[in-house]
Amino acid sequence: MMETPPRQLPRRRTEAGYGRPVTEDDTFAQRVEAHRRELRVHCYRMLGSFDEAEDLVQEVFLRAWRGRDGFAGRSSLRTWLYRIATNACLDALDGRKRRLLPDQAGPPAGAGQLAGDGDAGPWLQPFPDHLWEPAAPSADEPESMVVARETLELAFLVAMQHLPPRQRAAVILCDVLGWPPRQTAQALDGSVASVNSALQRARATLREHLPAGRAEWAPPAPPSEEDRRVLRRYMAAVERGDLDGVAELLAADVRATMPPYPEWFADRESVLAALAATWDEASPDYIGTFRLVATSANGQLAAASYRRPPGGQVFEPFGIGVLRVRDGRISDIVAFHEPELFPAFGLPPHLDP
């Protein structure tokens, strides 16, 4: 499915009304629009929310439109837009709670405990991979080439959420986008010394929260074909309601979360006990049958699940599970119960039996 056509920037009124736009304004709008994808990723890194990033990019474009006469090419358009986006994110984050995942917010649930109705968030949201591949760099802005260090891996997003907003911005601008401290200081209206201090504190905090052996902001290796085979076997086992098949694929220390539910599970036994209660047709907690569609999110393997409730006629959007495979076993499952995100992933509104 194609990406939803972008909303258009406002056009300057001419004597004839809102008909033919002024040529310079139209060119400006097109140049700004070309940066939509990477600015959406930047806002997502700062906010941890796909929905909020979508809205904020539009706010960034409106701020850019209003300030276009003062831009006058003093820096590259890309740099100017990132400065606007960063400050818009800082404004949005003022006074906000950080977005984490349930396993960062409390102890694990016990075996047999089911996810409740609570919503202790706000939680992180997933980001569709097909929306974060940037366009090729333009001739006049070669710095828009992708920085090899950049990543949207959930583990890094969680670690970043432990940083205060300005430290978060400094790390993203310097360590992800590769900006020098002086340029970052200009974007944040601060000094080089303040940026260096923020980076030093931020990097120390990140080391405390990143997974073992991942002390640098670097993308993990892409999923291998073996990893994809594990995903396919997992999807087939879930569709069959095969607990033994799922058990074979889970690491003993698998961590499973399901935002917006605050409960999470820290081992295979607890995960299987929760599944057994909801997959058993004789159980009062039975929730129906599933069909899964492979997708990808945050540079990781993912599967979109569709549920047919008891007595239902079609499979309806249920959740998007982001998985990590380690040594041939699933070590992490983050099952985002957010059916409203299915259109952003280009997924169908339902599946027939």
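The values are calculated or read from the model by the stated rules, or taken from the named source; none is laboratory data. Since we're looking at a predicted model, the values are computed, not measured. Quick reminder, even Gly has a Cβ in these numbers, built from the backbone with ideal geometry, and neighbours come from all protein chains shown.
Tabulated data for the structure shown
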read-out: Verdict on G311 being among the small types (G, A, S), at pLDDT below 95 and under 26 Å from H350 (Cβ atoms); value: yes
read-out: Among residues of region 275-324, those that are among the β-branched types (V, I, T), surrounded by fewer than 20 Cβ atoms within 10 Å (Cβ to Cβ) and either touching a Cys at 6+ places or on another chain (Cβ under 7 Å) or closer than 26 Å to P128 by Cβ (or both), counted; value: 4
read-out: Subset of region 47-82 that is small (G, A, S) and outside any loop (DSSP other than H, G, I, E, B) - its residue that is nearest to V32 (Cα to Cα); value: A64
read-out: Yes/no for A109 being more than 15 Å from the chain's Cα centre (by Cα), buried (at least 21 other Cβ atoms within 10 Å of the Cβ) and at pLDDT below 90; value: yes
read-out: Which listed residue is more than 30 Å from W279 (Cβ to Cβ), surrounded by fewer than 21 Cβ atoms within 10 Å (Cβ to Cβ) and either in contact with a Ser or Thr (Cβ under 8 Å, 6 or more places away or on another chain) or among the small types (G, A, S) (or both), from L199, L210, L188, L173; value: L188
read-out: Qualifying residue in region 320-342 (condition: part of a loop (DSSP other than H, G, I, E, B), over 23 Å from R228 (Cβ atoms) and touching a strand residue (DSSP E or B) at 6+ places or on another chain (Cβ under 6 Å)); value: yes
read-out: Unmet criterion (only one of (1) assigned to a helix (DSSP H, G or I); (2) touching a residue at least 12 places away in the same chain (Cβ under 8 Å); (3) surrounded by fewer than 18 Cβ atoms within 10 Å (Cβ to Cβ)) for Y44; value: (3)
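Conditions tested, residue by residue: (1) free of Cβ contacts under 8 Å to residues at least 12 places away in the same chain; (2) part of a strand (DSSP E or B).
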position	(1), (2)
P222	no, no
R228	no, no
R233	no, no
A236	yes, no
I287	no, no
P317	no, yes
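Let's see how each residue does on (1) in a strand (DSSP E or B); (2) on the phi > 0 side of the Ramachandran plot; (3) within 19 Å of the chain's Cα centre (by Cα):
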| position | (1), (2), (3) |
| --- | --- |
| V254 | yes, no, no |
| T257 | yes, no, yes |
| E263 | yes, no, no |
| L275 | no, no, no |
| E281 | no, no, no |
